[in-house]
Amino acid sequence: MKTRRLGALGLCLAVTLSMAACGSGNSDNNSGKGGDSQLIVYTNSGSDGRDAWLEERASEAGFNITVVQIAAGDLANRIVSEKNNAQADLVFGLNNVEYEKLKAEDTMEKWEPEWKDEVDMSLGDPDGYYYPIVIQPLVNIMNKDLKNPPKDYTDLLSDEWTDKYTILGFGGGTGKTLLAGFLVRYTDPDGELGISDEGWDTIKQWIQNGHMEADGEDYVGAVIDGSRPICEMWGSGVLQNEAERNTEFQIMSPEVGVPYVTEQIAILKGRNNTEKAIEFANWFGSSELQTEWMNKFGTVPCNENAFEQASEDIKEFVGSVHQQDIDWAFVAENLDAWVEKVELEFVQ
Amino acid sequence: MLAKKRISIPGLVLKIAVAWALIAFVAYPVISLLIQTFWHDGAISTGVIGKVFSSARAVQSLKNSFILAFTLVITVNIVGTLCVLFTEYWDIKGAKILRLSYMTSLIYSGVVLVAGYKYVYGGTGLLTKLLLQFFPDMDPNWFVGYGAVVFVMTFSCTQNHMMFLKNAIHGLDYHTVEAAKNMGAGQAAIFFKIVIPVLKPTFFAITILTFLTGLGAMSAPLIVGGEDFQTINPMIITFSRSAYSREVAAFLAVILGVATIILLMIFSQVEKKGNYVSVSKTKAKLTKQKINNPVLNVIAHIAAWLMFAIYMLPIILIVIYSFCDYNTIMTGEFTPGSFTLENYQKLFTSIGAVRPYLVSIAYSLGAALLAAVISITCVRFVQKSKNKLNKLFEYGVLIPWLLPSTLIALGMTMAYGDRNPLIFNKVLVGTTVILLIGYVIIKLPFSYRMIRAAFFAVDDDLEDAAKCMGAGTLYTMRKIIIPVILPAVMSVVILNFNGLLSDYDLTAFLYHPLFQPLGIVIKAASDENASIDAKCMSFVYTVVLMILSSVALYFGQGSGMQTIRRWKQKRLEKKVFRK
């Protein structure tokens with residue numbers, strides 16, 4: 001009986017090992033080549049059924065693709081670590097800061113999409129590595145009945161708003177970028193990490209006067225029931241939460257504008273499917289597909305022809321804010337250091 | 001003399017192979033990560049020390065981690081031992097049901113477990129609502145801070161007791177208990193002088209594990225720690241994800257690592273002072289002890305059933321919530337419209353949805369078995385050889401305890417992202433094997449430590465007898481040693497399997513994009529960009545994982561296999577009968 005059990009164990013082991021071996025054999029063959037024109041697409045924007053929809057829609061258009069959804073914080077890390085054995089042909093999603101890192105690590109091909117003239121190229125890369133697809137304005141949402149709402153971040157520092165606003169964690173894209181948007185207002189070449197003392201002092205007050213998001217808490221619920229009526233939110237999250245929770249929010253619209261995160265698309269190096277990948281990117285960024293993408297998932301397309309066909313609430317939301325002027329190269333260079341300083345010194 | 005010096009060739013080959021694997025996959029990635037992080041321009045960077053120690057938050061979090069670790073060593077050992085005694089040693093009414101409830105800590109963990117406790121004790125929780133009826137003035141958010149974290153972790157970290165202490169107590173020779181009784185020893189004397197000493201090696205091993213769990217605490221402080229009781233591990237994970245702050249992450253991890261080394265050294269010194277091993281060749285099976293003192297008996301029953309309630313409430317709520325919509329989960333207000341089957345329908349929308357389960361099962365099972373095999377081999381190397389150098393195997397296997405899995409994964413991607421002569425000029429990043437290797441590595445220290453403890457129960461005389469009768473090494477291993485340590489090995493395999501099934505921290509760095517494991521899929525479903533419906537899915541996934549883990553437990557603990565064998569036997573008998 002014991003021997004048989006051991007035998008079973010051994011068999012399992014053998015099977016798993018051989019499976020692993022086969023697997024690695026296959027990927028060895030594929031590495032650097034890309035195989036039979038199947039495209040692997042990395043994105044952090046594939047949740048909520050987007051990945052499945054895109055795969056299906058692409059196959060109708062004659063593309064054989066696999067969409068791999070990877071959390072934002074890990075996606076750029078992964079592309080960099082796979083530099084010498086690239087596994088994906090394209091990447092879309094992320095934001096300018098992350099793409100700047102990918103550019104510095106020499107992981108992308110230079111290319112030019114057919115729809116280049118239909119998008120605002122000031123959102124993309126002047127060097128021609130990545131191109132804008134979707135805009136996410138990052139805002140603060142507020143309870144719809146909130147009286148005398150604050151107009152800017154700087155208003156939040158007063159006693160009136162102590163513990164009344166939620167700041168999202170700086171590990172996530174939204175929290176990190178909004179922090180950057182606030183910090184760049186105080187740019188000072190002589191200051192610590194390029195920020196003036198006044199700036200650091202303001203940020204410290206802002207963090208310590210507010211509430212840092214805790215894991216698993218319902219911060220949107222807190223906005224709706226008024227217990228903590230202000231909260232940071234990414235663009236599609238505003239519309240999504242309004243629809244799903246059947247409510248409306250006020251949007252804080254500072255005079256300097258709000259940070260626009262732009263999801264981009266780029267072709268990765270080290271595969272020999274580049275032609276096909278560019279073909280796919282041309283298709284995916286086209287006004288036709290971006291309109292469908294918008295209608296299906298409530299995104300704000302960069303493609304102007306697609307945006308013209310947007311629904312009223314999307315247009316209204318985008319119209320209620322405007323873009324803050326941010327030097328993304330400066331942000332990309334310093335953001336990690338800023339986050340570290342803030343996490344170590346200001347967060348309590 | 002000559003015969004003794006002869007070296008067995010297969011043995012040597014095996015030794016070299018294992019040594020190579022440990023150097024290439026365990027030591028090298030960790031060391032190269034540490035060097036790349038701390039070695040800048042030909043000098044060790046020291047700026048990080050100032051950064052960390054001038055941060056009030058980092059220092060406080062570090063302190064909290066240590067406070068938590070020391071507290072848990074005491075509380076988890078008490079509760080865990082009680083769990084085992086109530087179900088295995090003392091005669092308590094309803095022990096079978098109690099055992100099932102105490103074993104729930106084996107089948108779920110992490111964020112959802114803590115969330116489960118929060119739904120009982122938190123601001124909108126069941127118990128809080130009940131208490132508010134009687135004490136309207138109390139603070140509904142009372143379940144927060146040090147006490148709350150200790151409470152949750154005390155009850156959720158008893159899985160090692162339920163596995164290994166249970167095995168150890170069944171290894172007790174009942175003859176010794178009876179002999180003591182005959183000599184007039186009281187129940188207390190028997191318990192402290194006979195039972196506890198036999199359990200000592202297991203207690204040591206479990207205490208180390210508990211201490212490490214406390215140091216590495218993650219979900220419980222994040223969710224119920226509040227602003228006053230945050231620990232260091234969440235900070236380490238956050239920082240290790242950013243290339244710039246990796247130095248801080250590694251430095252904090254090294255502090256925890258040094259504490260771990262000191263603890264391990266103290267324990268192996270204490271252990272050397274002697275372990276009590278049963279020398280009986282014909283052990284008698286343990287009989288449950290009735291508690292003679294009626295007052296103590298009643299107290300024991302009350303305590304046992306109170307613990308039953310503490311264990312069951314969170315898990316029942318999680319199962320119920322997996323059938324509910326998002327608003328119900330967040331507010332805790334049930335209405336007739338709260339219940340839905342939609343969550344489960346979404347789980348299997350397509351055939352593709354089953355794939356991550358298969359991938360995870362294959363990887364976890366493979367890694368759990370491999371880790372066990374390597375651990376057994378290394379324990380033998382260390383125990384059987386006179387050469388002190390063999391002790392290096394032990395240090396090698398324990399290295400992964402020094403760093404959190406995120407950093408180990410990073411070390412592997414940095415070490416094997418390009419062609420490396422150490423592994424014959426192959427690139428591992430982007431292949432399917434790197435995840436398997438990663439899984440094996442992070443499970444090695446635990447497997448080694450628990451299997452080493454189990455080896456104390458192997459009687460050297462039996463082994464010598466086998467050898468005298470001409471049995472070879474492999475035969476002795478298979479027929480004499482494995483049967484003795486098998487319960488412990490199976491427990492290790494199951495715990496590793498269950499722990500790896502939904503792993504995220506390591507998996508995120510190493511998985512092959514076309515073979516997505518479960519942890520990745522679950523994370524994607526509860527991502528911040530996911531719709532609120534998707535957030536309900538984390539409960540559904542937890543329930544599915546619970547079922548998978550229970551199945552693993554059922555088979556691994558033997559009763560499942562026995563049932564199948566009996567059923568086969570019956571079918572066979574029927575066939576024969578018909579003829």
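The values are calculated or read from the model by the stated rules, or taken from the named source; none is laboratory data. This is a predicted model, so every value here is computed, not measured. FYI the Cβ positions are ideal-geometry reconstructions off the backbone, even for glycines, and counts take in every protein chain you see.
Listed values, structure above:
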| item | result |
| --- | --- |
| Region A:241-275, residues that are surrounded by fewer than 20 Cβ atoms within 10 Å (Cβ to Cβ) and within 11 Å of chain B (Cβ to nearest Cβ) | A:ALA243, A:GLU244, A:ARG245, A:ASN246 |
| Odd one out for A:SER227, checked against (1) within 14 Å of another protein chain (Cβ to nearest Cβ); (2) under 29 Å from A:ASN64 (Cα atoms) | (2) |
| Scan of region B:180-217 for residues that are of a type in the set (S, T, N, Q) and either more than 26 Å from B:ILE291 (Cα to Cα) or not in a helix (DSSP H, G or I) (or both), ordered by number | B:THR207, B:THR210, B:THR213 |
| Residues being more than 9 Å from every other protein chain (Cβ to nearest Cβ) and surrounded by fewer than 24 Cβ atoms within 10 Å (Cβ to Cβ) - total across region B:407-416 | 1 |
| Residues located in region A:153-179, provided they are in a helix (DSSP H, G or I), at pLDDT 90 or above and polar (S, T, N, Q) | A:THR154, A:THR177 |
| Failed condition for B:ASN64, given (1) free of Cβ contacts under 8 Å to residues at least 60 places away in the same chain; (2) under 29 Å from B:THR406 (Cβ atoms) | (1) |
| Among the residues listed as A:GLY221, A:GLY216, the single one being closer than 26 Å to A:PHE297 by Cα, within 14 Å of another protein chain (Cβ to nearest Cβ) and assigned to a helix (DSSP H, G or I) | A:GLY221 |
| Test for B:PHE308: is it touching a strand residue (DSSP E or B) at 6+ places or on another chain (Cβ under 6 Å) and modelled with pLDDT of 80 or more | no |
| Test: residue in region A:177-193 that is within 14 Å of chain B (Cβ to nearest Cβ), buried (at least 21 other Cβ atoms within 10 Å of the Cβ) and closer than 19 Å to A:GLU242 by Cα | no |
| Search result, residues across region B:234-257 that are modelled with pLDDT under 90 and either touching an Asp or Glu at 6+ places or on another chain (Cβ under 8 Å) or polar (S, T, N, Q) (or both) | B:MET235, B:ILE237, B:THR238, B:PHE239, B:SER240, B:ARG241, B:SER242, B:ALA243, B:TYR244, B:SER245 |
| Residue ID - nearest to the other protein chains (Cβ to nearest Cβ), chosen from residues in region A:77-94 that are more than 16 Å from A:GLY270 (Cβ to Cβ) and modelled with pLDDT of 90 or more | A:GLY93 |
| Residues (over 21 Å from the mean Cα position of the chain (by Cα), hydrophobic (A, V, I, L, M, F, W, C) and at pLDDT below 90) located in region B:510-519 | B:LEU514 |
| The listed residue being part of a helix (DSSP H, G or I), within 14 Å of chain A (Cβ to nearest Cβ) and at negative phi, out of B:VAL111, B:VAL84 | B:VAL111 |
| Pair list, Cβ under 6 Å, 6 or more apart: region B:298-322 residue more than 19 Å from B:LYS118 (Cβ to Cβ), other residue of a type in the set (Gly, Ala, Ser) and assigned to a helix (DSSP H, G or I) | B:PHE308/B:SER101 |
| Meets criteria (more than 26 Å from B:TYR117 (Cβ to Cβ), within 12 Å of chain A (Cβ to nearest Cβ) and in a helix (DSSP H, G or I)) for B:ILE329 | no |
| Elements of type helices (runs of 4 or more DSSP H) contained in region B:341-404, each with 3 or more residues being surrounded by 22 or more Cβ atoms within 10 Å (Cβ to Cβ) | B:355-384 |
| Condition met for A:GLU55 (acidic (Asp, Glu), surrounded by 16 or more Cβ atoms within 10 Å (Cβ to Cβ) and away from every other protein chain (no Cβ under 12 Å)) | no |
